[in-house]
1. Any chance you could count how many residues in the stretch 33-62 are farther than 14 Å from residue 81 by Cβ and assigned to a helix (DSSP H, G or I)?
2. In the stretch 161-172, which residue that is assigned to a strand (DSSP E or B) and out of contact with any helix residue (DSSP H, G or I) (no Cβ under 6 Å at 6 or more places or on another chain) is nearest to residue 117 (Cα to Cα)?
3. Run residue 58 past the list (1) outside the structural domain of residue 143 (by TED's automatic domain parsing); (2) surrounded by 11 or more Cβ atoms within 10 Å (Cβ to Cβ); (3) within 31 Å of the chain's Cα centre (by Cα) and report the number of the one that doesn't hold.
4. Taking into account only those residues within the stretch 130-153 that are part of a helix (DSSP H, G or I) and in contact (Cβ under 8 Å) with a residue 40 or more places away in the chain, which is farthest from the chain's Cα centre (by Cα)?
5. Would you pick out the residues in the stretch 115-158 that are surrounded by fewer than 16 Cβ atoms within 10 Å (Cβ to Cβ) and within 12 Å of residue 184 (Cα to Cα)?
6. What are the pairs with Cβ atoms under 7 angstrom where one residue, in the stretch 57-68, is without any contact (Cβ under 8 Å) to a residue 12 or more places away in the chain and the other, located anywhere, is surrounded by fewer than 24 Cβ atoms within 10 Å (Cβ to Cβ) and outside any strand (DSSP E or B)? Sequence gap at least six, or different chains.
7. If we scan the stretch 72-79, do we find a residue that is under 30 Å from residue 171 (Cβ atoms), over 24 Å from the mean Cα position of the chain (by Cα) and not in a loop (DSSP other than H, G, I, E, B)?
8. Being assigned to a helix (DSSP H, G or I), surrounded by 15 or more Cβ atoms within 10 Å (Cβ to Cβ) and not assigned by TED's automatic domain parsing to the domain that holds residue 53 is the filter here; which residues of the stretch 80-114 pass it?
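The values are calculated or read from the model by the stated rules, or taken from the named source; none is laboratory data. Because the structure is predicted, anything quoted here is derived from the model rather than measured. For neighbour counting, all protein chains shown are included, and Cβ atoms are generated from backbone atoms with ideal geometry for every residue, glycine included.
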């Protein structure tokens with residue numbers, strides 16, 4: 001068929017590359033297929049032999065793009081070009097995704113003022129950079145009896161940052177640690 005009889009692609013060290021993500025040409029097993037794409041009338045349903053002949057006449061590949069449809073949807077195109085376009089689309093989608101960064105600030109239940117202020121300044125910087133801040137109080141050994149102090153510490157932390165951040169998750173005890181999540185306030 002048109003370009004479908006190419007030998008398997010070889011990698012840089014002579015090994016075969018991974019299997020094709022789509023079935024092409026003779027790998028398609030459905031008796032009837034729906035054709036889409038350029039140079040094809042819309043929603044044309046034909047027997048697989050006719051579709052393969054059409055692809056061969058155009059010197060292109062028959063690519064199964066939606067195998068679960070009834071009948072399966074196929075496109076007549078150059079397979080290498082098709083793969084390139086798919087990778088490019090995936091890369092564009094990935095680039096547009098927003099990456100959420102979460103920075104963690106850890107406290108003990110009896111953190112003194114100097115350490116608290118030091119960690120508060122770090123949290124302010126993280127929030128100004130657009131990251132979320134997860135503030136945690138760790139209770140070691142018998143210090144779990146100070147869980148009220150841990151909650152007060154986290155609420156004080158949230159109050160000190162309320163100008164630039166909003167509380168996304170209130171202080172919550174999870175095993176031997178209490179967590180709270182702060183997110184940057186939206187720009188006005």
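1. Number of matching residues: 9.
2. First pass over the stretch 161-172, keeping only residues assigned to a strand (DSSP E or B): 165-172.
Still in the running and out of contact with any helix residue (DSSP H, G or I) (no Cβ under 6 Å at 6 or more places or on another chain): 166, 168-170, 172.
Values: 166: 19, 168: 22, 169: 22, 170: 21, 172: 22 Å.
Checked the stretch 161-172; the qualifying residue nearest to residue 117 (Cα to Cα) is 166.
3. Among (1) outside the structural domain of residue 143 (by TED's automatic domain parsing); (2) surrounded by 11 or more Cβ atoms within 10 Å (Cβ to Cβ); (3) within 31 Å of the chain's Cα centre (by Cα), residue 58 violates only (3).
4. First, the residues of the stretch 130-153 that are part of a helix (DSSP H, G or I): 141-153.
Checking which are in contact (Cβ under 8 Å) with a residue 40 or more places away in the chain leaves us with 149-150, 153.
Numbers: 149: 38, 150: 35, 153: 35 Å.
Selected residue: 149.
5. Matches in the stretch 115-158: 125, 128, 129, 130.
6. 66/72
7. The initial filter retains those residues of the stretch 72-79 that are under 30 Å from residue 171 (Cβ atoms), namely none.
Checked against the condition, which is being under 30 Å from residue 171 (Cβ atoms), over 24 Å from the mean Cα position of the chain (by Cα) and not in a loop (DSSP other than H, G, I, E, B), the stretch 72-79 yields no hits at all.
8. none
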